[in-house]
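**Student:** Have a look at this one.
The values are calculated or read from the model by the stated rules, or taken from the named source; none is laboratory data. Everything numeric in this text was worked out from a predicted model, so none of it was measured. For neighbour counting, all protein chains shown are included, and Cβ atoms are generated from backbone atoms with ideal geometry for every residue, glycine included. Remember, those area values only see protein heavy atoms, side chains included, never the ligands or the DNA or RNA. Shrake-Rupley method; radii C 1.70, N 1.55, O 1.52, S 1.80 Å.
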Amino acid sequence: MTEPEQKIAVSGASGLIGASLCSSLQRSGHRVQRLIRDTSQNQTGQAARQPEESAPEVRDIPWEPLVGVTRPDDLGGLDAIVHLAGRSIASARWTTAEKERIRDSRVEATSKLVAQIAALENPPQVFISASATGIYGDCGSQIVDESSALGSDFLASVAQQWESVCDPLVSRGVRVIHLRFGIVLTKSGGALGKMLPLFRGMLGGRLGSGKQYWSWVALEDCIGAIRYLLESSGAQGSYNIVSPNPVTNSQFTADLAAALARPAVLPAPRFALRLALGEMADALLLSSCRAIPGRLEQEGFEFQFPDLRSFLRQELA
Ligand SMILES: NC(=O)c1ccc[n+]([C@@H]2O[C@H](COP(=O)([O-])OP(=O)(O)OC[C@H]3O[C@@H](n4cnc5c(N)ncnc54)[C@H](OP(=O)(O)O)[C@@H]3O)[C@@H](O)[C@H]2O)c1
């Protein structure tokens, strides 16, 4: 059965996940309205990624994240909102001011948007908001699912606040979903996009001890999971958006090197990473998270790419 066309707003629409989601939704005939901070530039100063197919009859929605949507009425009549906006956590050294910007672009911006949606006479049925597996903190080799204890470091605390500011919508009867993303992999950007030139130049290697777990997910499965959650009327709450098979950083390094047919023999010692990146090194590269998609699997969601080695072979062929 073909699903009926829906009117869906997307924030962070120029981002890695947002641009791909907008294209996927448009290809299925949905009407996508992007929340637009600036029509020409994103935060890195590069031209924003555009969805593959444009729908000129659909108006974008101007917003200022720390203030809210310019005309709150623009949020009326939507079926769903997918909120992915947030300042990159890897674009600058984590000074106190930078950590504040990272937090505000998620917690304050989401809080303002949620207040505007909650005030609507007819809010959308679904609000899907980004979060991260960083919410579990550093868990070593312990397997974590959505029922596991949450962490207390900076990213864990931001993610918890990011999720909890959505609560007013639950009270309004909106189906609220938190997407706890692991590392989203695609050759065209994000973490893998940054690693590829190093590995191709034979400068790749394990990071620190290499024993830390990385919970990863292929971009295709990430988009598939968001689409599944949009369409599943019983789905609500937090979902880990990760493949069923997290790997250690050593395994990741070996699989990536094998897919590229390059050696990866230059390990980056923990102290050097800390010296170069400060606190960010621990949080993004050395911290361990062995998250599994407990709820998605329970509900029968099927991953196209459950295995890292075969995903990388196909992605990088
Ligand atoms: N990709 C991952 O591996 C991963 C892992 C865990 C969590 N997440 C989270 O999932 C969300 C989407 O990820 P992504 O990889 O698509 O991120 P991304 O490529 O960095 O895109 C995020 C988008 O947010 C908007 N944005 C940038 N700076 C902002 C600011 N200061 N305030 C408000 N909005 C801002 C921009 O979109 P516009 O220019 O269109 O406004 C940007 O393209 C992010 O919140 C990210 O933290 C991602």
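**Student:** I'd like to compare 199-208, 167-176: which one has the highest average count of other Cβ atoms within 10 Å, and what's the full order after that?
**Tutor:** Sorting 199-208, 167-176 by mean packing, highest first, produces 199-208, 167-176.
**Student:** Test of understanding: what is the full-extension gain from Glu64 to Leu316, defined as 0.36 nm times their sequence separation minus their Cα-Cα distance?
**Tutor:** So the chain would gain 87.0 nm between Glu64 and Leu316.
**Student:** Relative to the longest principal Cα axis of the chain, at what angle does helix 219-231 sit, 0 to 90 degrees, rounded to 10?
**Tutor:** In the chain, helix 219-231 runs at an angle near 30 degrees to the longest axis.
**Student:** Run the numbers for Asn122 and Ser152: contour at 0.36 nm per residue of separation, minus the present Cα-Cα distance, in nm.
**Tutor:** Length gained, Asn122 through Ser152: 7.2 nm.
**Student:** Follow-up question, since we're still on this one. So how do Lys112, Lys187, Lys211, Lys7 rank on accessible area, 1.4 Å probe, biggest first, that is with the largest at the start?
**Tutor:** I get Lys211, Lys187, Lys112, Lys7, largest accessible area first.
**Student:** Let me ask something additional. Under 5 Å between amide hydrogens, which residues at least 5 positions from Gln33 or on another chain qualify, with H placed 1.01 Å from N in the peptide plane?
**Tutor:** Those lying under 5 Å, H to H, from Gln33 are Ile8, Ala9, Val10.
**Student:** How large is the accessible surface per residue of the chain, computed with a 1.4 Å probe and reported in Å² as a whole number?
**Tutor:** Dividing the accessible area of the chain by its residue count gives 45 Å².
**Student:** If I compute solvent accessible area with a 1.4 Å probe over the protein chains, what percent of it on the chain is carbon and sulfur? Don't jump to the answer; show the numbers that get you there.
**Tutor:** On the way: 7320 of 14380 Å².
Its accessible area is 51 percent carbon and sulfur atoms.
**Student:** Further, regarding this structure: Please express the shape of the chain as an equivalent ellipsoid: the semi-axes are the square roots of 5 times the eigenvalues of the C-alpha gyration tensor, given largest first in whole angstrom.
**Tutor:** 32, 21, 20
**Student:** Oh, and also: Take the alpha-carbon centre of the range 212-230, take the same for the range 266-289, and report the distance between them in whole Å.
**Tutor:** That distance is 24 Å.
**Student:** In the chain, what percentage of the DSSP-assigned beta bridges are antiparallel, given to the nearest 5?
**Tutor:** 15
**Student:** Still on this structure, I have one more. Using a Gaussian network model of the chain with C-alpha springs under 10 Å, which one of Ala132, Ala85, Ala254 is most mobile by mean-square fluctuation?
**Tutor:** Ala254
**Student:** Starting from the Cα of Lys194, draw a straight line to each of the aspartates and glutamates and keep only those under 18 Å, dropping any in the same chain fewer than 8 residues away.
**Tutor:** Answer for Lys194, where 18 Å is the Cα cut-off: Asp255, Asp282, Glu315, listed by chain and number.
**Student:** Here's a follow-up. Calculate, for Ser28 and Met202, the FRET efficiency according to 1/(1 + (r/R0)^6) with r their C-beta to C-beta distance and R0 41 Å; round to the nearest 0.05. Don't skip to the end; give the middle numbers.
**Tutor:** Values: r = 42 Å, r/R0 = 1.02.
Rounded to the nearest 0.05, the efficiency is 0.50.
**Student:** With Cβ to Cβ distances under 12 Å as the rule, what net charge do the other residues near Gln161 carry (K, R +1; D, E -1)?
**Tutor:** Net local charge, Gln161 excluded: -2.
**Student:** Over what distance in Å are the Cα centres of the range 62-115 and the range 148-176 separated?
**Tutor:** Comparing the Cα centres of the range 62-115 and the range 148-176, I get a distance of 14 Å.
**Student:** Which lysines have a Cα lying under 26 Å from the Cα of Lys7, excluding residues fewer than 8 positions away in the same chain?
**Tutor:** Answer for Lys7, where 26 Å is the Cα cut-off: Lys112, listed by chain and number.
**Student:** A follow-up question, please. Once you have the alpha carbon radius of gyration of the range 70-199, what is it after dividing by 2.2 N^0.38 Å, with N set to its residue count?
**Tutor:** Rg over 2.2 N^0.38 Å, computed on Cα atoms: 1.17.
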